[in-house]
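Trainee: Below are the structure tokens for one structure; questions will follow.
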Amino acid sequence: GSLSQIDAQHAYWINTTSFDPLEVAIPPIAAAALPPTVPVSAGWNLIPVIDTTGTVAAGANLPSNIAEYLAGVDASRAYRYQPLTGSFAGLVLTGAPSAIEVGEGLWVFVNEAGTIVP
């Protein structure tokens, strides 16, 4: 394909028939850089879960939950993909919102274009 670099501002869908682990080193946000934002379009978006502090390890729960993470957009559904079962698991957006992990990509349906501010 044409992918030449991977960054923390995007989520990536990798389709493989192997169960070999893939490790991608994404450096933390530079101290002088502005915090990242994630633009989303109306409809389904694959979004990254970004740690803006640089202190949460990949795979660890973000201190905020999915509702706080998506506070800037009008989201109506969110899913994480379960590769071992080939299924999607729904995330709870209201009430007791689901925890999310740094480094995972989530499928989120938003009702209108906007910007996620992690």
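Trainee: Can you pull out the residues in the stretch 1-23 that are open to solvent by less than 100 Å² (accessible area, probe 1.4 Å) and of a type in the set (Asp, Glu)?
Mentor: ASP7
Trainee: Just one of (1) open to solvent by 50 Å² or more (accessible area, probe 1.4 Å); (2) touching a Lys or Arg at 6+ places or on another chain (Cβ under 9 Å); (3) within 25 Å of LEU3 (Cα to Cα) trips up VAL108, so point out which.
Mentor: (1)
Trainee: Looking at the stretch 73-98, which of the residues that are out of contact with any Phe, Trp or Tyr (no Cβ under 9 Å at 6 or more places or on another chain) and closer than 24 Å to ILE6 by Cβ is modelled with the highest pLDDT?
Mentor: Restricting to residues being out of contact with any Phe, Trp or Tyr (no Cβ under 9 Å at 6 or more places or on another chain) and closer than 24 Å to ILE6 by Cβ, the top hit is VAL73.
Trainee: Restricting to the stretch 54-94, what's the tally of residues that are farther than 21 Å from ILE14 by Cα and not in a loop (DSSP other than H, G, I, E, B)?
Mentor: 12
Trainee: Yes or no: PRO36 modelled with pLDDT under 90, of a type outside the set (Gly, Ala, Ser) and under 14 Å from the mean Cα position of the chain (by Cα)? Full working, then the answer.
Mentor: Details: modelled with pLDDT under 90: yes; of a type outside the set (Gly, Ala, Ser): yes; under 14 Å from the mean Cα position of the chain (by Cα): yes.
Here the answer is yes, as PRO36 does meet what is asked.
The values are calculated or read from the model by the stated rules, or taken from the named source; none is laboratory data. Here the structure is a predicted model, which is why all the values come from computation and not from measurement. When we count neighbours, we look across all protein chains shown, and the Cβ atoms used for this are built from the backbone with ideal geometry, even at glycine. Note: accessible area is taken over every heavy atom of the protein model, side chains too, but ligands, DNA and RNA are not part of it. Shrake-Rupley method; radii C 1.70, N 1.55, O 1.52, S 1.80 Å.
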